[in-house]
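The values are calculated or read from the model by the stated rules, or taken from the named source; none is laboratory data. This one's a predicted model, so the numbers in the text were calculated from it and none came from an experiment. Here the Cβ positions follow ideal geometry from the backbone for every residue, glycine too, while neighbour counts run over all protein chains shown. For accessibility, only protein heavy atoms count, side chains too; no ligands or nucleic acids. Shrake-Rupley method; radii C 1.70, N 1.55, O 1.52, S 1.80 Å.
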Amino acid sequence: MPARSKPRLGGLAATGLVAALALPLAAGASDDPFDDDSLWETPEADSNRGTLNFLGDTPDGRVHHHENQITVAASSLDDGWVKLRQCHSDLDRVGRAQILYNAATTREIEIESQSNIGETWVEGASVQLRRIQPDAELCIRARSQMLKILDDGSYALENGPFMRRYLDGYFPMRVTVAVNWGDLGLALARSEPESQPGFLVTESEHGVIIDATFEGRLTTVLRLVNGDRP
């Protein structure tokens, strides 16, 4: 669906270096009957209040999956800007939601594809969603300045905070971050958090993959070095 700039809707406050999901939005002054959130399912009643808790066992039922593909180019090592492709699946069936980005470090947000969502549009540093149906999926492309050049010549790739938030509660979600640096000769020195049940880190010659299942707020930091360094 083509991007659009209106209507402007009130929303929950959230920030993120990559993205934060907030649902549903606060009610606006709309006469659209589909804006009534009572028509839609809301997350389960018991919720976390923001404390990070990794889940070694997969939660029952479907869990919102937030997939990120990050491409590091040679120019990224100078200016910190990377390419981001982000897909969301098993979104909560709510009347309205929004995906929020850090306006200072995110550019060129575009909706690549969507299915089973009534409306989607880019508004500032956010993607707005209305009338989310079962089996909804959404893919977004953007550029993000998430790679920091450190004084010792290494790099820090920071993502988050990732969260699945409803009112004051935080609910289980799965986040996958696949970083591809191709033939740039980088290597992973360490990850924060470290690999553990519920937070798996898989390294390769050309990149690294994080697969996390958790509740609360998750921020990740990957310290990258040139491959010929210890």
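Summary table
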{"item": "Mean Cβ count within 10 Å, highest first, over the residues of peptides 151-164, 187-200", "result": "151-164, 187-200"}
{"item": "Stokes-Einstein translational diffusion, the stretch 67-106 - Kirkwood Rh over all Cα pairs, 1.567 mPa s, 4 °C, in µm²/s", "result": "103 µm²/s"}
{"item": "Local net charge near Phe162, Cβ-Cβ under 13 Å (Lys/Arg +1, Asp/Glu -1)", "result": "0"}
{"item": "Mean separation of Cα contacts under 8 Å (6+ apart) over length of the stretch 122-194, as relative contact order %", "result": "12 percent"}
{"item": "Residue-by-residue Karplus 3J(HN,Hα) for the stretch 205-220, coefficients 6.51, -1.76, 1.60, Hz, glycine and proline x", "result": "5, 10, x, 8, 10, 10, 10, 10, 10, 7, 9, x, 10, 10, 10, 10"}
{"item": "Å³ per residue enclosed by the Cα convex hull of the stretch 107-230", "result": "147 Å³"}
{"item": "Separation between Cα centres of the stretch 67-93 and the stretch 146-196, rounded to whole Å", "result": "11 Å"}
{"item": "Vicinal HN-Hα couplings computed from phi for the stretch 102-109 (Karplus, 6.51 cos²θ - 1.76 cosθ + 1.60; Hz; Gly/Pro x)", "result": "6, 5, 6, 10, 10, 9, 6, 6"}
{"item": "For His64, net neighbour charge (Lys/Arg +1, Asp/Glu -1) across residues whose Cβ lies under 9 Å away", "result": "+1"}
{"item": "In Hz, Karplus ³J(HN,Hα) per residue of the stretch 180-191 (6.51, -1.76, 1.60; θ = phi - 60°; x = Gly, Pro)", "result": "10, 10, x, 9, 6, x, 7, 8, 7, 8, 6, 10"}
{"item": "List Lys83, Lys148, ordered by accessible area with a 1.4 Å probe, largest first", "result": "Lys83, Lys148"}
{"item": "Heavy-atom surface of the stretch 127-209, accessible at 1.4 Å and reported per residue (Å²)", "result": "45 Å²"}
